[in-house]
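So the structure is just underneath, and the comments pick up after that.
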Amino acid sequence: MSSAARSSSARLSGPVAICVDRPLLALDRPFTYELPEELEAGLGSLVQVRFHGKLIRGWVLGPTDDVPARMLSVHKRVSAVRYFDERLLELYRWMSARYVSPLAAVIGRAIPPRVVSEEVAGGGGGVAARSGSPRRGANGESGETSVGAAPRPLALRDAPAASGALAERYSNGSPLLDALRDRAAGTFVVRTAPGDDAAIAVECVAVTLASGSAAVVIVPEVEPVPQAVAALVEAFRDDVACFFGLEKRERYRMWLDIGAGRYRVVVGTRPAVFAPLSDLGLVYVAREHHALHREERAPYFHVREVAARRAEIEGAVCVLASVMPSMESLALPHVEVEPRGRRWPPVEVVRPGPEGRAPRLVRALRDARRAFLYEPLRGYGVARVCRSCGEAAACAACGGPLRLESGVLRCTVCEADGRCPRCGSRDFGVARGGAERVEQWARGVAGVPVSRVASDSPARPPAEAEVVVGGIDAVKDLGTTDLDLVGILNADASLRRPGFGARERALAAWAEAAAWAAPSGRVVVQTEQPNDPAVQALVAGRPERFARAERERLAQAGFPVATPVFRVAGTSELEGELARLPHRTLLASSLEDRGVCLVAVDPSDLELFGDEVRRLAERGVVSRVEAEPHL
């Protein structure tokens, strides 16, 4: 057992710092309480304390010298489970500072909801997961259980043989494998070649387990089950904890089992990055470019950053894998791992014909047996003019655009039924274009059946003789690598979408879709701007040119890559108060007595910024902080 595990399991008494379970910036500081020795609590214990006259929960953060003149005692120990150790607490504190979020919100997001009945009394009053026999705690005593217990040893013969893909086919592949074997901490950005995603994940985990360490693999989504997840379960079987798709009771039970050392590999979405594994050797983020790696609730963290930081704290290796690495990953201190030779399918750039039917695409579609057509726009078309009065089409309720989808005309903003704001007519001229229209014309061209993956239907790969039409919701980790044709339609519409990150998201989706084509297959991109850096990045299969152009564009807009950005809401005083703090960019808007500010902060000023925002929250000036908002 590591020294960290031993110190984490030590029982404490005397003055301790408590993080009360009140996730408010105005209360984001530790409070000192007297911890009686007979409670047998310590770092990570969930306890009950009296706070402002009420009994509430809190977590023990450790001993403290900040002793007030009057100090209350901890009322009771709520659970015998230790919910975190020193290293996880260091990660939580870093997240609280990085995302200007209450520490209680971070801990609450990292730990699954407690299910008391899953904490079964063992010998001497200990706890264990119901699904197994009572386990002793990491300190060897039966009175409590700590997360991060020492895992069972793994013999070399238990680990599947590495595929050799990294060392043989990737530059810097061997240094990555050496780092995994030697537990040499560092971040590696892996630009995966088409079809290699699952194999590289399995190889990295196999080498990690063979070295006696544990691994965490984070995927952005699990419906349908990604090929990488299926490959990991097939390779490591009972050593894998699939930490997703569970009911509350099952989730807590598995979390307890992970902390007790039952599993050596944890696979899941965002919460898996906090898995309480001991001897962690690898944190692997699959499809690191994906938007779902950002948490949409407080503390609004991004898995990419948290994974890199946890690996640094644990002395582990962080792998950020993607067919088209994000600019944020490339901005981290890292070693880049990329294919030695081009394995990207050929990419042909053509100008679109009528309704996006370029002659070259039509000919290719006619000959294809398996194909995917990527159309970013939904529906059948957009209403342009009212046929009754000639008024330009717009939503009568909010003025938004009207789109025809599944035979119904609705506003794309408020989803109200489409009717003319001037005469009330529902009869509009529609400019055809969208996934439904592509499905329609493709059926008249293709020699095999054509289907469409709607936004509310499960994604799936094309059958042996089928053309599938879909948008970004259809681009998943399906393991499809042998298509005859991938068509990227309406590329210009993807690049014109609002938001600073829209162009990068479009490129990532194109790259994942293009990777489904067989090496002998074809990728056809339709665009009026063939020299656009995003289009050329897809042609080259490399993000460098695009990243250079985007970095310059974002810097000119005042939001450079890797610069922390916050959306802060508060009173009418907010803008003036934030203007006094160090910042790179400050944009403000106000409505009566409320204000909202968008702030970009240099990393060197982040600590000061966070401290001052907390003080403003105590004064009531700041009411909400959202880190890394969608721009």
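Based on this model, can you work out whether GLU336 counts as assigned to a strand (DSSP E or B) and modelled with pLDDT of 95 or more? Yes: the conditions hold for GLU336. Among residues of the range 417-450 being among the small types (Gly, Ala, Ser) and open to solvent by 30 Å² or more (accessible area, probe 1.4 Å), the one that is nearest to VAL385 (Cα to Cα) is ALA431.
If we keep just the residues of the range 188-221 that are among the acidic types (Asp, Glu) and modelled with pLDDT under 95, which is least open to solvent (accessible area, probe 1.4 Å)?
In this case the residue turns out to be ASP196.
Has the range 506-518 got at least one residue that is open to solvent by 30 Å² or more (accessible area, probe 1.4 Å) and touching a residue at least 60 places away in the same chain (Cβ under 8 Å)? Taking every residue of the range 506-518 in turn, none turns out to be open to solvent by 30 Å² or more (accessible area, probe 1.4 Å) and touching a residue at least 60 places away in the same chain (Cβ under 8 Å). When GLN526 is tested against (1) under 30 Å from ALA358 (Cα atoms); (2) within 26 Å of the chain's Cα centre (by Cα); (3) not small (Gly, Ala, Ser), exactly one condition is not met: (2). Pairing residues of the range 199-226 that are among the charged types (D, E, K, R) with residues that are in a helix (DSSP H, G or I), at Cβ distances under 7 Å and at least 6 apart in sequence or on separate chains, gives GLU203/ALA165; GLU203/LEU166; GLU221/LEU292. Test GLY62 against the criterion of being at positive phi and either of a type in the set (Gly, Ala, Ser) or part of a helix (DSSP H, G or I) (or both), and give yes or no. Here the answer is yes, as GLY62 does meet what is asked.
Taking residues in the range 615-631 that are free of Cβ contacts under 8 Å to residues at least 60 places away in the same chain, and partners anywhere that are open to solvent by 60 Å² or more (accessible area, probe 1.4 Å), the pairs with Cβ atoms closer than 7 Å and at least 6 places apart or on different chains are VAL621/GLU573. Selection of the range 455-471 for residues being touching a residue at least 60 places away in the same chain (Cβ under 8 Å) and either within 16 Å of GLU375 (Cβ to Cβ) or assigned to a strand (DSSP E or B) (or both) yields SER455, ALA459, PRO462, GLU466, VAL467, VAL468, VAL469, GLY470, GLY471. Within the range 386-441, the residues that satisfy the criterion of being of a type in the set (Ser, Thr, Tyr) and either under 36 Å from the mean Cα position of the chain (by Cα) or assigned to a strand (DSSP E or B) (or both) are SER406, THR412. Every listed requirement among (1) out of contact with any Lys or Arg (no Cβ under 8 Å at 6 or more places or on another chain); (2) at pLDDT 95 or above; (3) hydrophobic (A, V, I, L, M, F, W, C) is met by ALA185 save one, (2).
Among the candidates PHE243, PHE236, the residue that is touching a Pro at 6+ places or on another chain (Cβ under 9 Å), without any contact (Cβ under 8 Å) to a residue 40 or more places away in the chain, of a type in the set (Phe, Trp, Tyr) and buried (at least 20 other Cβ atoms within 10 Å of the Cβ) is uniquely PHE243. Taken over the range 532-549, the criterion of being open to solvent by 50 Å² or more (accessible area, probe 1.4 Å), farther than 15 Å from SER322 by Cα and either of a type in the set (Gly, Ala, Ser) or outside any helix (DSSP H, G or I) (or both) is satisfied by ALA540 alone.
Rundown of residues vs (1) modelled with pLDDT under 50; (2) of a type in the set (Phe, Trp, Tyr), yes/no style:
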{"site": "HIS75", "(1), (2)": "no, no"}
{"site": "GLU90", "(1), (2)": "no, no"}
{"site": "ARG93", "(1), (2)": "no, no"}
{"site": "TYR99", "(1), (2)": "no, yes"}
{"site": "SER117", "(1), (2)": "no, no"}
{"site": "GLY126", "(1), (2)": "yes, no"}
{"site": "ARG130", "(1), (2)": "yes, no"}
{"site": "GLY140", "(1), (2)": "yes, no"}
{"site": "VAL147", "(1), (2)": "no, no"}
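Of all residues in the range 370-384, those satisfying the criterion of being modelled with pLDDT under 95 and either open to solvent by 70 Å² or more (accessible area, probe 1.4 Å) or outside any loop (DSSP other than H, G, I, E, B) (or both) are ARG378, GLY381, VAL382, ALA383, ARG384. Scan the range 280-303 for residues that are surrounded by fewer than 24 Cβ atoms within 10 Å (Cβ to Cβ), within 18 Å of SER101 (Cα to Cα) and under 9 Å from the mean Cα position of the chain (by Cα) and jot them down. Answer for the range 280-303, where residues must be surrounded by fewer than 24 Cβ atoms within 10 Å (Cβ to Cβ), within 18 Å of SER101 (Cα to Cα) and under 9 Å from the mean Cα position of the chain (by Cα): ARG294, GLU295, HIS302. Looking only at the range 345-369, which residues are in a loop (DSSP other than H, G, I, E, B) and either more than 18 Å from THR480 (Cα to Cα) or open to solvent by less than 10 Å² (accessible area, probe 1.4 Å) (or both)? Residues satisfying the conditions are PRO345, ARG351, PRO352, GLY353, ARG357, ALA358, ALA368. Selection of the range 314-343 for residues being crowded, with 17+ Cβ neighbours inside 10 Å, among the aliphatic types (A, V, I, L, M) and more than 18 Å from GLU628 (Cα to Cα) yields ALA316, VAL317, VAL319, LEU320, ALA321, VAL323, MET324, VAL337.
Among the residues of the range 479-487, are any of a type in the set (A, V, I, L, M), under 35 Å from the mean Cα position of the chain (by Cα) and either open to solvent by 70 Å² or more (accessible area, probe 1.4 Å) or within 30 Å of GLU328 (Cα to Cα) (or both)? Within the range 479-487 (the criterion being of a type in the set (A, V, I, L, M), under 35 Å from the mean Cα position of the chain (by Cα) and either open to solvent by 70 Å² or more (accessible area, probe 1.4 Å) or within 30 Å of GLU328 (Cα to Cα) (or both)), the answer is yes, since at least one residue qualifies.
Scanning the range 394-416 for residues that are under 29 Å from PRO352 (Cβ atoms), in contact with a strand residue (DSSP E or B) (Cβ under 8 Å, 6 or more places away or on another chain), among the aliphatic types (A, V, I, L, M) and surrounded by fewer than 21 Cβ atoms within 10 Å (Cβ to Cβ) turns up ALA394, VAL408.
The values are calculated or read from the model by the stated rules, or taken from the named source; none is laboratory data. Keep in mind that what you see is a predicted model, and the values were worked out from it rather than measured. So basically every Cβ, Gly included, is an ideal-geometry build from the backbone, and we count neighbours across all protein chains shown. Just so you know, the surface numbers come from the protein's heavy atoms only, side chains and all, with ligands and any DNA or RNA stripped out. Shrake-Rupley method; radii C 1.70, N 1.55, O 1.52, S 1.80 Å.
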